[in-house]
Amino acid sequence: MSIVTEAVAQMEKVTQGTGCQDCNVRIERQPDAPSCQYERGVNLRFGFGGTASDVVSRYPLETVTRIPFMFGMPLETPEKRTAACGILGVVARFLCLCRKAQACGPEDHEECFKNFCSVYEGEKVYVNGDLPDLIRLLGKQAVSSPEDADLIVVGGDGLFSADALAISDEYRGNKRMVFIGPSTVGVATFLDEDHWCPFAR
């Protein structure tokens, strides 16, 4: 069971009998919406029950679906994992399990990274996922192997891409791990993992 399917299984337990499973989730591309400075891809808006969450993915899709499509499924493609992560995020927000699931604006980008550096100062960081700007900003603090890291930072692509997801699964519980950005908030919330996105909306 991957991190994503484990989070879905936990969400299934939490939402059992709530009626959430009977409602539609709308997934739309929102290329002009603010997106996390670290992530790369197309911004997707997930709408559910009057709430919204965003996911940035290199595997964009647009559809209307329902929550149960994920239950008991292997979620074997990046597109399905993208959809699952977005649904996890918007349902967590709808249930008030997390307050914020959309990216901050550009005015907060510099402060976000400064805060990250102050919290994780001196840590050797492995960045898991397509987050090239975070690697660049970290400079010598970034390492090229998870084995060498004190901390593994997981972005959305660290859950969508099969290779990156395998790293997240392998090192979860063996290395300190923090999930970053709105794309990962649902997985982090339902699995009670550390999440970094201080200026999210």
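Descending by average beta-carbon neighbour count within 10 Å, the peptides 96-103, 54-61, 12-19 line up as 54-61, 96-103, 12-19, the highest first. Each of T63 and D133 was given a label point 7 Å from its Cα along the Cα-to-Cβ line. The distance between the two points is 2.9 nm.
To test your reading of the geometry: what angle, between 0 and 90 degrees and rounded to tens, separates the Cα axis of helix 78-94 from the longest principal axis of the chain? For 78-94 against the chain, the angle is about 80 degrees.
Kirkwood radius and radius of gyration were both taken over the C-alpha atoms of the chain, and their ratio Rg/Rh is 0.95. The mean sequence distance of close C-alpha pairs (under 8 Å, at least 6 residues apart), as a share of the length of the chain, puts its relative contact order at 25 percent.
Report, in degrees rounded to the nearest 10, the 0 to 90 angle that the Cα long axis of helix 162-171 makes with the longest principal axis of the chain. Computed tilt is about 70 degrees. Positive end of the dipole of the chain (Cβ unit charges, origin at the Cα centre): among V25, G105, S168, the Cα lying farthest that way belongs to V25.
Taking max minus min of the alpha-carbon positions on each principal axis, the stretch 42-144 gives extents of 43, 28, 22 Å, largest first.
Dipole orientation for the chain: of the candidates L191, L88, G122, L88 has the Cα lying most toward the positive pole (charges on Cβ; Lys, Arg +1; Asp, Glu -1). Amide H contacts of M177 (H built 1.01 Å from N, in plane; Pro and chain starts excluded): I152 sit under 5 Å, all sequence-distant by 5 or more or on other chains. Only the Cβ atoms of Lys and Arg (+1) and of Asp and Glu (-1) were treated as charged; on that basis the dipole of the chain about its Cα centre amounts to roughly 420 debye. The stretch 95-113 to the stretch 116-164: how many Å between their Cα centroids? About 19 Å separates the Cα centre of the stretch 95-113 from the one of the stretch 116-164. Subtracting the Cα-Cα distance of T18 and E111 from their residue separation scaled by 0.36 nm leaves 29.6 nm.
Against the chain, whose longest principal axis is taken from its Cα atoms, helix 109-119 shows a tilt of about 70°.
We did not get these values from a lab; they are worked out from the coordinates using the rules stated. This one's a predicted model, so the numbers in the text were calculated from it and none came from an experiment. Ideal geometry is used to build each Cβ from the backbone, glycine not excepted, and the neighbour counts take in all protein chains shown.
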